[in-house]
Every structure is written in structure tokens, then in C-alpha cells.
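Colleague: Supplied in C-alpha cells, the structure appears directly below.
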Amino acid sequence: MKVIAINGSPKMEEGNTARILNPFLDGIKEAGAEIELFYTSKLKIKPCQGDFHCWFNTPGKCMHNDDMDMLIPKFEEADIAIYSTPLYADGVSGPLKNLIDRQISRGNPTLEFRDGECRHPATKDQKPGKLILVSSCGLWEMSHFDPVLMHMKAYCKNMIWDFAGALLRPHAPAMMFLDGLGKKYDDIFEAAKEAGKQMITDGRMSEKTLQIVGRELMPPEDYVNNLNEMVQTVLEAIKKN
Ligand SMILES: Cc1cc2nc3c(=O)[nH]c(=O)nc-3n(C[C@H](O)[C@H](O)[C@H](O)COP(=O)(O)O)c2cc1C
């Protein structure tokens, strides 16, 4: 089984998102799947120009020559695609959005009605792959992921992909506060790894496992107080220098 994973955080390995993505990928690997991981910060992907050159002038090929030329065949071969991103302004990070937009070159320009809605038909030989979202955010509640979840589900309908679920880590900076206090929360990483194994062996991730990944790390009031204190400390330190 082939898996393509995209880490859309500019913090790459140092980021909160990678702290969830990496054990998830470890679980996938342990279960026997083949993974290719790419960081948008290391890729050269220009934004879509919006002129449909890839649909009419050179069908299937964008006017830009960049890393999408290398990535598109990998998406076509993959059984599972993983988009991983920090929540930015209630959506995916800009570089990941560019990568998503540029996949329009894989599409079919004509229209049809599918499941009661007007959509583009599947392209010839299109593989019905699965998509998983891995995301972290700074605000406390799980509900902040609602817009990005809706986006991914809508996108899957258009791509004729199966949305296979999401590993969501709200109030992710709480991990740093817990580290500072020496408090352990390894269960969330173990659950991320377990979700990876489940995805390959069972073809799905259990609700219970995903809930542990996103479980409350500290009460909301403590989180807000910790964060506000940190903001104050950083601002004062910068003022002194
Ligand atoms: C430009 C920007 C926009 C952000 N927007 C949101 C947001 O809308 N909601 C939220 O909860 N967190 C938001 N955050 C916080 C990040 O999602 C959060 O810190 C995340 O864990 C960072 O992941 P990373 O370390 O992998 O980059 C934002 C951060 C930045 C830099």
C-alpha cells in the first residue's frame, strides 16, 4: 500500500503538527505500508494562475514547471494521501492550499450530476484513494477544526476520494506547557501511532483512538492563563532587548 504525506507547516519537524503526524506515520510504516513524506517548505509550488491552461492548452499539465510535476504521479499512485497542516485563519496553511489548488490539472473540465450535485466527472483510470487530515491548532476547542473538516470533505467529494478521518490536536501549545511542568501525555502519541496501524490493517481509524489524539490536555481556563502569561513574558523579554 502506498501513502503520500504532505506536511504543510513551515515549522516542519519542529512543529506541533509534526508531533502528531510523525507517530501516525510510524504506525502506518509498522503496519507495512510504504510512505513518502514531503514538506511544503522544501517544495517549489507556484500558485495556480487560474487560466485553465492545464484543461485546454496542455490537458493534464500545468503551465508551471515545478515540484507538482513530480508530485502528481505520486498522488495518482497513492492509496492514501495525508494532508497535515497547522490551522491557519481557520483553514489549511497557504503552501498546502497552493498544492491542493494545483491538483486541478488532474481534473476533467466537463460537468455532470453526481449524488444530486453538479460536479466534474472522474478522470479516466482515476484511483478512488483515501484522504486523511492531520491538523493542530492554538485555540482550545475541537470546534475550531469544523471549517477545515468541511473543506476536506467537500474536496474529497469533488476528487472522488474517500475522506477517511482526521487526527486533530486542539490547544496544541499546551504540549509545551506540559513539557515545562514535566507532565507526561504520551498516550496521545501512542494513539496517533495506533491510528496509523489501524488505517493500514483495518482500513479505518477507530473513533476512540482519534478521541485520545485530541483529548483535553488541560482545562480551558488553565490553558488561557498559561498562554496569556507566556505572551506577557515574551513581550517583556523583547522590550528589554
Ligand atoms: C498565521 C497563523 C494563523 C493561525 N490561525 C489559527 C486559527 O485560525 N485557529 C487556531 O486555533 N490556531 C491558529 N493558529 C495557531 C496554529 O494553528 C497552532 O499554533 C499550530 O499548532 C501550529 O502548528 P505547527 O507548529 O505545526 O506550525 C495560527 C497560527 C498562525 C501562525
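The values are calculated or read from the model by the stated rules, or taken from the named source; none is laboratory data. Because the structure is a prediction, the values reported are computed rather than measured. Cβ sites come from the backbone with ideal geometry, for glycine too, and all protein chains shown count toward neighbours.
Colleague: Out of all the residues in the stretch 6-41, which are among the hydrophobic types (A, V, I, L, M, F, W, C) and closer than 19 Å to Cys137 by Cβ?
Modeller: Start the filter on the stretch 6-41 by keeping residues that are among the hydrophobic types (A, V, I, L, M, F, W, C), which leaves 6, 12, 18, 20-21, 24-25, 28, 31, 33, 35, 37-38.
If the condition is that a residue be among the hydrophobic types (A, V, I, L, M, F, W, C) and closer than 19 Å to Cys137 by Cβ, then Ile6, Met12, Ala18, Ile20, Leu21, Phe24 are the ones that fit.
Colleague: Go through Ser41, Ser9 for me and flag whichever is under 29 Å from Gly196 (Cβ atoms), touching a Pro at 6+ places or on another chain (Cβ under 6 Å), in a loop (DSSP other than H, G, I, E, B) and within 16 Å of the ligand (Cβ to nearest atom). Write out each step before concluding.
Modeller: On the way: Ser41 fails: in a loop (DSSP other than H, G, I, E, B).
One residue alone meets the criteria, Ser9.
Colleague: Let me ask something additional. Looking at the stretch 191-210, I want the residues that are of a type in the set (Asp, Glu) and have a partner that is outside any helix (DSSP H, G or I) and buried (at least 18 other Cβ atoms within 10 Å of the Cβ) with Cβ atoms under 9 Å, at least 6 apart or on another chain. Which pairs are those?
Modeller: Final answer for the pair search is Glu194/Met205; Glu207/Gly165.
Colleague: Any residue at all in the stretch 174-194 that is hydroxyl-bearing (Ser, Thr, Tyr), modelled with pLDDT of 95 or more and more than 14 Å from the ligand (Cβ to nearest atom)? Outline the logic, then answer.
Modeller: Step one: filter the stretch 174-194 for residues hydroxyl-bearing (Ser, Thr, Tyr), giving 185.
Cutting the leftovers down to modelled with pLDDT of 95 or more gives us 185.
From the residues that got through so far, the ones that are more than 14 Å from the ligand (Cβ to nearest atom) too are 185.
Yes, the conditions are met somewhere in the stretch 174-194.
Colleague: If you go through the stretch 137-163, how many residues are away from the ligand (no atom under 13 Å from the Cβ), buried (at least 18 other Cβ atoms within 10 Å of the Cβ) and farther than 19 Å from Gly8 by Cα?
Modeller: The qualifying residues number 2.
Colleague: Can you pull out the strands (runs of 3 or more DSSP E) entirely within the stretch 91-165 that have at least 1 residues that are free of Cβ contacts under 8 Å to residues at least 24 places away in the same chain?
Modeller: Details: elements: 112-114, 117-119, 130-136.
Of the strands (runs of 3 or more DSSP E) lying wholly inside the stretch 91-165, those with at least 1 residues that are free of Cβ contacts under 8 Å to residues at least 24 places away in the same chain span 112-114, 117-119.
Colleague: Please work out which one of (1) modelled with pLDDT of 95 or more; (2) part of a helix (DSSP H, G or I) is the condition Lys239 fails and give its number.
Modeller: Condition not satisfied by Lys239: (1).
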